[in-house]
1. What order do you get for Val236, Val196, Val106, Val185 when you list them from fewest to most C-beta neighbours inside 10 Å?
2. Under a 5 Å amide H to amide H cut-off, with H placed in plane at 1.01 Å, what residues pair with Ser184 once short-range neighbours are removed?
3. Looking at the range 173-254 only, what percent of DSSP beta bridges run antiparallel? Nearest 5 please.
4. Compute the Rg to Rh ratio over the range 111-256 from the alpha carbon atoms, using the Kirkwood formula for Rh, and round to two decimal places.
5. Can you work out ³J(HN,Hα) from phi for every residue in the range 174-185, in order, using Karplus 6.51 cos²θ - 1.76 cosθ + 1.60 and θ = phi - 60°, giving whole Hz and x for Gly and Pro?
6. I'd like the FRET efficiency for Asp237 and Leu114, computed as 1/(1 + (r/R0)^6) with the beta carbon distance as r and R0 of 45 Å, rounded to 0.05.
7. Between Glu129 and Ile37, what length in nm is gained on full extension when 0.36 nm per residue of separation is reduced by their alpha carbon distance?
8. Could you compute Rg(Cα) / (2.2 N^0.38 Å) for the range 173-254, with N its residue count?
Amino acid sequence: MPRTAPSAATSSVLAESDAARARLWLEILARQFPELIEELAPGRPGARHTPAPLDPAALAARAVRDREDRAAARWNEQHGHSTAGSGAAPIRLHVSDALRDITDGVVELEEAVLDKLGAGRPRKAGVPERLARLTALLGRIGEHPVLASHVLDECRRMARRCSSALGEAESLIRVRGRCPWCDSVSLRAFPAWRAVLCVNPGCRCTEPDCGCGENPSHRHTWRETSWTQLALDAGVDAEEIATLVDEAEATPAVRA
């Protein structure tokens, strides 16, 4: 049966929800972006915040970034390049990349929003001011479903990039029920991606477009659009999954 397009009323409710969730990610980004600038400073004594303990995947990712930083520092030394400041620690490349990506992303997002709203081009400003201006526009953004969804996706992506560069681990939340593929109690909700995945290393599915059969590190994943089917197959409530993810997604915005 072909999927029925959402009604205008449903689209309006979804757009308002997306705008509200975008506000949470904007608040996270506004709080953490100054910390990212501090993290970039050579020879900094240490971050003001204490990051959460890293899970094995986050530790492995950090090890890769650190190896890349050390390799870049060796290359600079071999080719006669020095880092900024006498005796200062080398600039952490993954932090620099994240800072540039987020800065460009915020500028492009504000330009796209104002263009869609017919408000002209934004005035030049730093990232914190642009984030504040985007937050002030969320009421109008919530009147445009496609725009609201895009703003949510970009704000979430940039906030996650910032958190990752600061070394903060992303949480996984246990979901009731058993994986439809391996029958293991290994379903976990990943709020940052609004996805559910099976964390059983031995789980393998038969879907042709999933990489878990060929890549041992890949985990079968159910995106938000698949939660209803997952709930039927795993014997859980789709609304329960959504509630778990929504509550976890909101937690960082109120964290001290």
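1. In order of increasing Cβ crowding within 10 Å: Val185, Val236, Val106, Val196.
2. Residues meeting the criterion, in which the H sits 1.01 Å from N, are Cys179.
3. Working: 9 of 9 bridges.
So the antiparallel bridges in the range 173-254 amount to around 100 percent.
4. Values: Rg = 18.5 Å, Rh = 17.6 Å.
Across the range 111-256, the Cα-based Rg/Rh ratio is 1.05.
5. Values, residue by residue: 5, 10, 5, x, 10, 4, x, 8, 10, 6, 9, 7 Hz.
6. Numbers: r = 40 Å, r/R0 = 0.90.
It comes out at approximately 0.65.
7. 31.6 nm
8. Values: Rg = 12.5 Å, N = 82, 2.2 N^0.38 = 11.7 Å.
Its radius of gyration relative to the 2.2 N^0.38 Å reference: 1.07.
Where a number appears in this text, it was derived from the coordinates with a stated rule and is not lab data. This one's a predicted model, so the numbers in the text were calculated from it and none came from an experiment. All Cβ positions, glycine included, derive from the backbone under ideal geometry; neighbour counts span all protein chains shown.
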